[in-house]
Amino acid sequence: MARREIPQYFLYGEATHDVDERFLHVESIAERSRLHDWKIRPHAHQDLHHFLLVTRGGGTFYAEGDLKRFNKNTLLSVPLACVHGFDFKPTTNGWILTASGALIERIADQHAELRPVLTEPDAIALQSDTTAMLVTNFASLMQEFRSNLPGRRTVAEALLMSILVAALRRKLQLRPDKQRRTGADSVLAAKYRALIEANFRAPMQVADYAKRLCVSSERLRQACVRSTASSPLALLNARRLLEAKRSLLYTGMSVGLIAEACGFADPAYFSRFFTQRTGMSPKAYRTRQKRTGGQES
């Protein structure tokens, strides 16, 4: 089978290159999307995070095989290395904010409560007052980006933080009441998810993660259930399943190698794990995705 790779870009359509650790870039949605007939094919960025404020139009957001339809007054979040694409309605507009992975990770380390906004692809429907505030912030960022005034990076990062906080608050508003938890639970759950991201390829169990976080397995379970409505094991399995789908879709790796890359020592167990959660074997999934062009319905 021919090997397919995930297209990697700097900004869409531009060759990859090293990114300054405080890199921030702002442009209009129409500015780049119009050049590609309003269709941005699935791709990824090795070290960049996008935030899109949609003020006009709408479309479809493809994120790791899931489809998220959106209209105007929406904030889209595209985390690091997320395989994503867009099918914009013609004349859609707003802003695309791009930040370096190093900057995003520094913010996540210093403000763990923001991790849900920084680690999950999402289409957040906004209220009119939040949209108006974000329009001001994005417009100010564009002005700073185009200027060469002293302290422009400091101001730009402050505006970025304001955008992230607004996104977090709105995201929490949209969750069911039982999931609206802040404080120690959300911080611990965010740290756990960050640890998963760094270690999911290793054959670690939930107890190993709890030990790394210096808490009991029960304390970790409580924090995850209260702040995400999922158990620690479910979060770990979801990340491993996501990586398995990526590898089946975009690489020619064997099922055995994919199992190992996702933290499974036994390929047979991995196949059962995958089949139970998707309703089809890894090989059947790969065949179907190849036939449908890699987009799940």
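The values are calculated or read from the model by the stated rules, or taken from the named source; none is laboratory data. None of the values given here were measured: they were computed from a predicted structure. Cβ sites come from the backbone with ideal geometry, for glycine too, and all protein chains shown count toward neighbours.
Restricting the first member to the range 229-251 and to residues that are farther than 20 Å from Arg286 by Cβ, and the second to residues that are among the charged types (D, E, K, R), the beta-carbon pairs closer than 8 Å and six or more apart or on different chains are Ala229/Lys178; Ser231/Arg221; Pro232/Arg221; Leu235/Arg193.
Kindly indicate whether any position in the range 158-176 is modelled with pLDDT of 85 or more, part of a helix (DSSP H, G or I) and of a type in the set (Ser, Thr, Tyr). Yes, the range 158-176 contains a residue that is modelled with pLDDT of 85 or more, part of a helix (DSSP H, G or I) and of a type in the set (Ser, Thr, Tyr). In the set (1) surrounded by 16 or more Cβ atoms within 10 Å (Cβ to Cβ); (2) in contact with a Lys or Arg (Cβ under 7 Å, 6 or more places away or on another chain); (3) at pLDDT 90 or above; (4) within 22 Å of Gln276 (Cα to Cα), the condition left unmet by Ser231 is number (1). Among the residues that make up the range 112-128, is at least one of them in the same structural domain as Val83 (by TED's automatic domain parsing), farther than 30 Å from Ala238 by Cβ and either at pLDDT below 85 or not in a loop (DSSP other than H, G, I, E, B) (or both)? Yes; the residues of the range 112-128 include at least one that is in the same structural domain as Val83 (by TED's automatic domain parsing), farther than 30 Å from Ala238 by Cβ and either at pLDDT below 85 or not in a loop (DSSP other than H, G, I, E, B) (or both). Look at the range 47-71: where a residue is over 28 Å from Arg286 (Cα atoms) and free of Cβ contacts under 8 Å to residues at least 60 places away in the same chain, no partner that is charged (D, E, K, R) and surrounded by 22 or more Cβ atoms within 10 Å (Cβ to Cβ) sits 6+ places away or on another chain with Cβ atoms under 8 Å.
Do you know which residues across the range 196-246 are assigned to a helix (DSSP H, G or I) and of a type in the set (Phe, Trp, Tyr)?
In the first step, residues of the range 196-246 are kept if they are assigned to a helix (DSSP H, G or I); the result is 196-199, 206-212, 217-228, 232-246.
Residue satisfying the conditions is Tyr209 alone.
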